[in-house]
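Asker: Sharing a structure with you now.
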Amino acid sequence: MSDKKIIEILLKRYKTHKTPSEEGVTVWIEVWGQEVNSVNEMTSDFDMDIYVTELWIDKALKYDDMNPCKYNLSLSNEVTYHDKLS
């Protein structure tokens, strides 16, 4: 089964307003600074670029029952901002 077909099926059956787990979900967060762009020593203000990564497991997105060729799928921003997800 193609990646595209798997994603179509997942989006069709996914319930956007249901929490991934009744017990809650562990979310891993990574924050790191890329660059300090400017510093104002008089006011102790600074401007910097940061990256934030979030990771959690949502069992509703499992697709091993579809016998995939791959165990990881990569999604573009067009898919992640799909009308179904809003």
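The values are calculated or read from the model by the stated rules, or taken from the named source; none is laboratory data. If you're wondering where the values come from, they're calculated on a predicted model, not measured in any experiment. Here the Cβ is made from the backbone with ideal geometry for all residues, glycine too, and neighbour counts use every protein chain on show.
Asker: State the number of residues belonging to region 48-68 that are part of a loop (DSSP other than H, G, I, E, B) and among the polar types (S, T, N, Q).
Answerer: Result for region 48-68: 1.
Asker: Further question on the same structure: Pairs only if they're at least six apart or on different chains, beta carbon under 8 angstrom, first in region 10-25 and free of Cβ contacts under 8 Å to residues at least 40 places away in the same chain, second among the aromatic types (Phe, Trp, Tyr) and part of a loop (DSSP other than H, G, I, E, B); list them, first residue then second.
Answerer: Final answer for the pair search is Val25/Trp56.
Asker: Working only within region 13-33, note down all residues that are modelled with pLDDT of 90 or more and not in a loop (DSSP other than H, G, I, E, B).
Answerer: Trp28, Ile29, Glu30, Val31, Trp32, Gly33, listed by residue number.
Asker: Consider Glu41 against the criteria (1) among the charged types (D, E, K, R); (2) touching a Phe, Trp or Tyr at 6+ places or on another chain (Cβ under 9 Å); (3) over 30 Å from Leu11 (Cβ atoms): it satisfies all of them except one. Which criterion is unmet?
Answerer: Failed condition: (2).
Asker: While we're on this one: Among residues belonging to region 1-11 that are under 18 Å from the mean Cα position of the chain (by Cα) and among the charged types (D, E, K, R), point out the one that is surrounded by the fewest Cβ atoms within 10 Å (Cβ to Cβ).
Answerer: In this case the residue turns out to be Lys4.
Asker: Inside region 13-34, can you point out the residues that are surrounded by 10 or more Cβ atoms within 10 Å (Cβ to Cβ) and among the aromatic types (Phe, Trp, Tyr)?
Answerer: Tyr14
Asker: Another question about this same structure. Among Asp45, Asp58, Asp64, which is the only one that is touching a Pro at 6+ places or on another chain (Cβ under 8 Å) and either modelled with pLDDT of 85 or more or not aliphatic (A, V, I, L, M) (or both)?
Answerer: Of the residues listed, the single one that is touching a Pro at 6+ places or on another chain (Cβ under 8 Å) and either modelled with pLDDT of 85 or more or not aliphatic (A, V, I, L, M) (or both) is Asp58.
Asker: Now for a separate question. Can you tell me which residues in region 50-67 are under 23 Å from Gln34 (Cβ atoms) and among the hydrophobic types (A, V, I, L, M, F, W, C)?
Answerer: Residues satisfying the conditions are Ile50, Val52, Leu55.
Asker: Across region 34-47, what is the number of residues that are polar (S, T, N, Q) and either assigned to a strand (DSSP E or B) or under 28 Å from the mean Cα position of the chain (by Cα) (or both)?
Answerer: The number of residues fulfilling the criteria is 4.
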